[in-house]
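Here is the structure we will look at, set down as structure tokens.
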Amino acid sequence: MLYALARPLLFALEPETAHSLALGLADAPLRLGLLRFRRPPDRPVRAMGLEFRNPVGLAAGLDKDALHVDALAALGFGFVELGGVTPRPQPGNPRPRLFRIPQAEALINRMGLNSAGVEAFAENLRRARRETVIGVNIGKNRDTPNERAAEDYERCLEALYPYVHYVSINVSSPNTPGLRDLQSPDALAALLARLRAARERLRERHGRDVKLLPKISPDFEAETVRAIADVVRREHMDGIIATNTTVSREGVEGLPHAEEPGGLSGAPLRPRALATLRALVASLGGELPVIGVGGIMSGSDAAERFAAGATLVQLYTGLVYRGPELISECVAAYTAK
């Protein structure tokens with residue numbers, strides 16, 4: 001209800017400005033001690049050896065630098081994914097780089113992995129209470145060539161290992177040149193093998209296990225999705241996230257901002273993300289959990305992902321258009337298997 005009142009004001013602002021303001025508004029009640037958000041009822045899920053209060057999480061991209069962890073957890077998410085974060089600070093692409101397409105309940109972003117860098121990110125995360133399952137999305141710096149990308153991912157994993165429950169390996173953002181090439185079976189296998197070996201060393205050092213999950217694109221044919229699933233299984237990953245944003249403009253043709261470069265999210269992404277999820281679930285045969293994300297704008301959309309085999313789901317653009325009530329709606333849509 002409160003978000004419904006605030007949304008016209010937020011949508012009157014430039015999208016990235018509104019994004020920052022909305023995060024500040026989420027922080028205010030906790031910072032001032034005025035109130036706590038009403039959580040949805042617990043619907044516990046156990047996956048990857050982790051206990052989730054409920055199966056609905058925040059997708060990466062909303063809190064880039066781990067500055068709002070406690071406020072976002074208080075909204076009622078069962079888990080929160082932060083970032084993406086890169087090893088070294090980088091500004092991302094020039095503004096404007098975030099665009100609303102309200103007629104289609106969609107966003108286009110070309111943020112370009114703007115990041116404070118992993119050291120600042122880790123310090124922010126260390127100071128947070130972290131009272132929920134925490135994931136972090138990691139990527140490479142824009143100027144790091146792909147043949148050295150594994151070094152960037154490994155540096156992020158090492159810096160964040162003590163503070164997180166899982167790491168989402170971003171090889172699918174369309175806004176860093178060449179990044180999606182890391183999804184080719186050979187490149188992906190090499191990267192995941194390197195991170196798996198690093199995880200073994202870090203597990204021994206820290207005495208805790210952090211899960212590894214690649215996050216993939218929605219823009220592949222089923223045959224390529226099956227090849228990726230084979231790599232993920234062979235490299236002993238703990239799960240997979242489907243999907244990132246799309247470079248397709250199907251569903252927004254002719255609308256204002258539709259031709260802006262960047263990744264499209266929101267309602268038009270739903271069919272592609274759902275098809276990728278189904279292909280992964282079929283290929284993996286229940287061996288690994290799949291997190292469904294992309295175009296979840298209602299409880300019925302979440303129910304569709306659960307029915308298609310998603311173990312967990314994540315929200316981002318739906319939160320922009322619907323507000324925190326969407327979290328409770330999606331939690332209510334979950335039926336334990």
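The values are calculated or read from the model by the stated rules, or taken from the named source; none is laboratory data. Predicted model, so just to flag it, every value in this text is computed and none were measured. Cβ placement follows ideal geometry from the backbone for every residue including glycine, while neighbour counts extend to all protein chains displayed.
When restricted to residues that are crowded, with 21+ Cβ neighbours inside 10 Å, touching a residue at least 60 places away in the same chain (Cβ under 8 Å) and in a helix (DSSP H, G or I), the range 90-134 contains 0.
Would you tally the residues in the range 165-181 being touching a helix residue (DSSP H, G or I) at 6+ places or on another chain (Cβ under 9 Å) and either within 15 Å of A198 (Cα to Cα) or charged (D, E, K, R) (or both)?
Residues flagged as touching a helix residue (DSSP H, G or I) at 6+ places or on another chain (Cβ under 9 Å) and either within 15 Å of A198 (Cα to Cα) or charged (D, E, K, R) (or both) within the range 165-181 amount to 3.
Quick one: would you say A258 is in contact (Cβ under 8 Å) with a residue 40 or more places away in the chain, aliphatic (A, V, I, L, M) and in a helix (DSSP H, G or I)? Walk me through how you get there before you give the answer.
Working: in contact (Cβ under 8 Å) with a residue 40 or more places away in the chain: yes; aliphatic (A, V, I, L, M): yes; in a helix (DSSP H, G or I): no.
No, not satisfied.
In this structure, E253 does satisfy being of a type outside the set (K, R) and free of Cβ contacts under 8 Å to residues at least 60 places away in the same chain. Among the candidates N137, N141, the residue that is among the polar types (S, T, N, Q), outside any strand (DSSP E or B) and modelled with pLDDT of 95 or more is uniquely N141.
Kindly indicate the residue of the range 38-60 that is in a loop (DSSP other than H, G, I, E, B) and buried (at least 24 other Cβ atoms within 10 Å of the Cβ) and also farthest from the chain's Cα centre (by Cα) among those meeting that condition. By that ranking, first place goes to N54. Scanning the range 63-89 for residues that are part of a strand (DSSP E or B) and on the phi < 0 side of the Ramachandran plot returns F79, V80, E81, L82, G84, V85.
Every residue, every condition in (1) farther than 21 Å from D238 by Cβ; (2) among the hydrophobic types (A, V, I, L, M, F, W, C), yes or no:
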position	(1), (2)
E287	no, no
V293	no, yes
V313	no, yes
Y316	yes, no
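Checking each residue in the range 280-337 for being touching a residue at least 60 places away in the same chain (Cβ under 8 Å), assigned to a loop (DSSP other than H, G, I, E, B) and out of contact with any helix residue (DSSP H, G or I) (no Cβ under 9 Å at 6 or more places or on another chain) picks out P289, T311, Y316, A336. Within the range 282-296, does at least one residue satisfy the condition of being closer than 22 Å to L98 by Cβ, surrounded by 23 or more Cβ atoms within 10 Å (Cβ to Cβ) and out of contact with any Ser or Thr (no Cβ under 7 Å at 6 or more places or on another chain)? The answer is yes; a qualifying residue exists.
Against the definition (over 18 Å from the mean Cα position of the chain (by Cα), crowded, with 20+ Cβ neighbours inside 10 Å and under 26 Å from V133 (Cβ atoms)), how does A303 come out, yes or no? Considered against the rule, which asks whether it is over 18 Å from the mean Cα position of the chain (by Cα), crowded, with 20+ Cβ neighbours inside 10 Å and under 26 Å from V133 (Cβ atoms), A303 comes out as no.
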